[in-house]
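*Asks:* Dropping the structure in here first, questions after.
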Amino acid sequence: MFGPFRRIKLYSAAPLKRRYDVVIIGAGVHGLATAYELARRGVRNIAVLERYYIGAGSSGRNTAIIRSNYRTPVGVAFYDESVKIYERMSTDLGLNVMFSRRGHLTFAHTDQAITGLRVRAEINQIAGVDSRVIFRDEIAKLVPSLDLSKKPRYPVLAALYHPPGGIIRHDAVVWGYARAADRLGVEIHPNTNVTGIGVSNGAVATVRTERGDIQTGTVVNATAGWASTIAEMVGIRLPIVSHPLQALVTEPLKPFLNPVLVSATLNVYVSQTDRGELVIGSEIDPYSSYSNRSTLPFMESSAAHVLELLPCVAGVKVLRQWAGVCDMTPDYSPIMGTVPNLKGFVLDVGWGTYGFKAGPVSGRRIAELIATGRTPDLIKPFSIERFAKGELLGEKAAAAVSH
Ligand code: PYC
């Protein structure tokens, strides 16, 4: 078929072989980016196994915000590399992923919060990341529809302004990586449930699936929501608790909101997509669960809070809601790298509410680790051993609306 309705072929169906050099569990942005980057480095015989369909997990259940204005120097450098990959992605993958550089505003509603944002701005600037504290006159120019009067319960006083931040078409990112990996010979196997992982002489040896066993020397756990379940298959207990994160989308409106807006005090964030819909979210639900169900209390409280920022959207209809499962670590940073005493098992997990934006950089650096046998400096601090050593990377203050 020709013209705008031509279907994009994402991958070639292939029989599941009995042996691969690398098996990646999870065909979301992380797993597919890792496969693509490995194939670019010349690694062959790679399989990506997915329990449902490509992008079925958190890659399809997020709010697609791209930014690098984190709180720790390590986090800022890491996410900054991802922003740079996203900026070039349409060209690199040959698919328009609709990266839209809008600017990202994190509001302060108290003097204490302004101090926190100043610290973050300094850490960002030292790493060369464009990020600064701005005040009401500049905020008014960036967001004319924002209620900057003294009427709200918590008036906006200042904001951390991060011009490189923006939004992206998350499905297109997943499709782009799948298609590019497929072209380089990666096999992608949806509907392939992993049921166990066999270990022999201190190294991974087999991946058991409902479609038969696979021999391999390298397994990457690139799952979100189920990371603990896969790790338990090799006897590893991850410091992860899984919580739902909910979001909702309104009917499309004419473009009126350019930057992404975030308020931790109001427990809400909002952006307007290129199709005109508002995407609204809040903090993770306060209970652990694997549930993907969205709730009426979430919709009511998010709508109320977004109206405190943007009273002009009163009366706008909600089109749909969803929830995804977030694997939260104690320090709100991910876990990447090899594990002690088990050869060939690689972690790319614990992505909390920041996984989508990190997919490209973690894919690139995990691939480097596997291809060279050396952990890249950029991801060394995220090793699982940091918990035993007490070298935590506290990112809660910069994780969406989590402080
Ligand atoms: O980290 O930007 C973020 C984010 C937004 C929603 C969830 N996480």
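The values are calculated or read from the model by the stated rules, or taken from the named source; none is laboratory data. What you see is a predicted model; the values in this text were computed from it and never measured. Using ideal geometry, Cβ is built from the backbone for each residue, glycine included, and neighbour counts are taken over all protein chains shown. Ligands, DNA and RNA are excluded from the accessible area calculation, which covers all protein heavy atoms including side chains. Shrake-Rupley method; radii C 1.70, N 1.55, O 1.52, S 1.80 Å.
*Asks:* Using the Cα centre of region 346-403 as the reference point, and only Cβ charges (+1 on K/R, -1 on D/E), how large is the resulting charge dipole? Debye, rounded to the nearest 20. It would help to have the intermediate numbers written out before the result.
*Replies:* On the way: 8 positive and 6 negative charges, 11 e Å.
Dipole magnitude for region 346-403 comes out near 60 debye.
*Asks:* Let me ask you something else. Where both partners of a DSSP beta bridge lie in the chain, what percent of those bridges are antiparallel, to the nearest 5? Provide the component values of the computation, followed by the final result.
*Replies:* Details: 48 of 66 bridges.
Antiparallel bridges make up about 75 percent of those DSSP assigns within the chain.
*Asks:* If you don't mind, another one. In the chain, with Lys and Arg counted as +1 and Asp and Glu as -1 at Cβ, which of these residues, Pro360, Leu146, Ala227, has the Cα nearest the positive end of the dipole, that is, farthest along it?
*Replies:* Checked the options; the winner is Pro360.
*Asks:* Something else now. Kindly identify region 113-200 as rounded, prolate or oblate by the Cα gyration tensor criterion: order the square roots of the eigenvalues as a ≥ b ≥ c, call it rounded if a/c is under 1.5, otherwise compare a/b with b/c, prolate if a/b is larger, else oblate.
*Replies:* Numbers: a/c = 2.72, a/b = 2.44, b/c = 1.11.
Prolate, because a/c is 1.5 or more and a/b exceeds b/c.
*Asks:* Given a 1.4 angstrom probe, I'd like the percentage of the accessible area of region 280-326 that is carbon and sulfur, rounded to a whole number.
*Replies:* Values: 1460 of 2440 Å².
Of all accessible area on region 280-326, carbon and sulfur atoms account for 60 percent.
*Asks:* So if each residue of separation counts as 0.36 nm, and I subtract the Cα-Cα distance between Tyr53 and Asp171, what length gain in nm does that give? Walk me through the numbers before you get to the answer.
*Replies:* Working: separation 118, 0.36 × 118 = 42.48 nm, distance 1.21 nm.
Value of the extension gain: 41.3 nm.
*Asks:* Moving to a separate point now. When only Cα pairs under 8 Å and 6 or more residues apart are kept, what is the percent relative contact order across the chain? List each step's numbers first, then the result.
*Replies:* On the way: 927 pairs, mean separation 93.9, N = 403.
Taking the mean separation of contacting Cα pairs over the length of the chain, I get 23 percent.
*Asks:* Once the Cα atoms of region 263-328 are picked out, what are the Rg and Dmax in Å?
*Replies:* For region 263-328, the Cα radius of gyration and maximum Cα-Cα distance read 12.4, 35 Å.
*Asks:* Roughly how many whole Å is it from the C-alpha centroid of region 219-281 to that of region 43-72?
*Replies:* About 11 Å separates the Cα centre of region 219-281 from the one of region 43-72.
*Asks:* Then there is this: Express in whole angstrom the spacing between the alpha-carbon centres of region 368-403 and region 98-134.
*Replies:* Taking the Cα centre of each part, region 368-403 and region 98-134 sit 22 Å apart.
*Asks:* Taking R0 as 30 Å, what FRET efficiency do you get between Glu122 and Asn267 from their Cβ-Cβ distance, rounded to the nearest 0.05?
*Replies:* 0.70
*Asks:* Under the √(5λ) rule applied to the eigenvalues of the Cα gyration tensor, what semi-axes describe the equivalent ellipsoid of region 150-250? Give them in Å, descending. Could you put the intermediate results ahead of the total?
*Replies:* On the way: eigenvalues 310, 89, 36 Å².
Value: 39, 21, 13 Å, ordered largest first.
*Asks:* Quick one: Cα convex hull volume of the chain, Å³ per residue? Let's see the in-between values first.
*Replies:* Numbers: hull volume 56.1 nm³, N = 403.
Output value, Cα hull per residue: 139 Å³.
*Asks:* Normalising by the residue count of region 323-367, find the relative contact order in percent from Cα pairs under 8 Å and 6+ residues apart. Can you show the working numbers first?
*Replies:* Numbers: 46 pairs, mean separation 16.9, N = 45.
In percent, rounded to a whole number, it is 37.
*Asks:* Using a Gaussian network model of the chain whose springs link C-alpha atoms within less than 10 Å, name the residue from Arg44, Arg374, Arg169 with the highest mean-square fluctuation.
*Replies:* In this elastic network of the chain, the residue with the biggest mean-square fluctuation among Arg44, Arg374, Arg169 is Arg374.
*Asks:* Report the residue, chosen from Ala388, Ala140, Ala181, that carries the largest GNM mean-square fluctuation when the chain is represented by alpha-carbon nodes joined by springs under 10 Å.
*Replies:* The residue with the greatest mean-square fluctuation here is Ala388.
*Asks:* Calculate the dipole size of region 283-403 relative to its Cα centre from +1 charges on Lys and Arg beta carbons and -1 charges on Asp and Glu beta carbons; express the result in debye to the nearest 20. Can you show the working numbers first?
*Replies:* Details: 12 positive and 12 negative charges, 77 e Å.
The calculated dipole for region 283-403 is roughly 360 debye.
*Asks:* Counting only heavy atoms of the protein chains, get the accessible area per residue of region 189-236 (1.4 Å probe) and round it to a whole Å² value. Walk me through the numbers before you get to the answer.
*Replies:* Numbers: 1850 Å² over 48 residues.
The answer is 39 Å² per residue.
*Asks:* Find the Rg to Rh ratio for region 55-130, where Rh is the Kirkwood radius over alpha-carbon pairs and Rg uses the same atoms.
*Replies:* Details: Rg = 14.8 Å, Rh = 14.2 Å.
Reported Rg/Rh, Kirkwood definition of Rh: 1.04.
*Asks:* I'd like to know which of Ala77, Ala64, Ile54 lies farthest towards the positive end of the charge dipole of region 45-88, counting +1 on Cβ of Lys and Arg and -1 on Cβ of Asp and Glu.
*Replies:* Ala64
*Asks:* Using alpha-carbon pairs under 8 Å, 6+ residues apart, how would you state the relative contact order of region 142-297 in percent?
*Replies:* Details: 177 pairs, mean separation 27.0, N = 156.
Relative contact order for region 142-297 comes out at 17 percent.
*Asks:* Please state the shape class of region 342-396: rounded when a/c is under 1.5, otherwise prolate if a/b exceeds b/c and oblate if not, all from the C-alpha gyration tensor. Intermediate results must be reported in sequence, preceding the final value.
*Replies:* Values: a/c = 1.84, a/b = 1.15, b/c = 1.60.
Judged from the Cα gyration tensor, region 342-396 comes out oblate (a/c at least 1.5, b/c at or above a/b).
*Asks:* Please give the contour-minus-distance gain from Asp92 to Ala314: 0.36 nm per residue of separation, less the Cα-Cα distance, rounded to one decimal in nm.
*Replies:* Details: separation 222, 0.36 × 222 = 79.92 nm, distance 4.08 nm.
Roughly 75.8 nm would be gained on extension.
*Asks:* To the nearest 0.05, what FRET efficiency results for Ser288 and Ala14 with a Förster distance of 30 Å applied to their C-beta separation? The partial results should precede the final answer.
*Replies:* Working: r = 38 Å, r/R0 = 1.25.
After rounding to 0.05, the efficiency reads 0.20.
*Asks:* Nearest 20 debye, what's the magnitude of the dipole of region 197-347 about its Cα centre given +1 on Lys and Arg Cβ and -1 on Asp and Glu Cβ?
*Replies:* Working: 9 positive and 12 negative charges, 65 e Å.
In total the dipole reaches around 320 debye.
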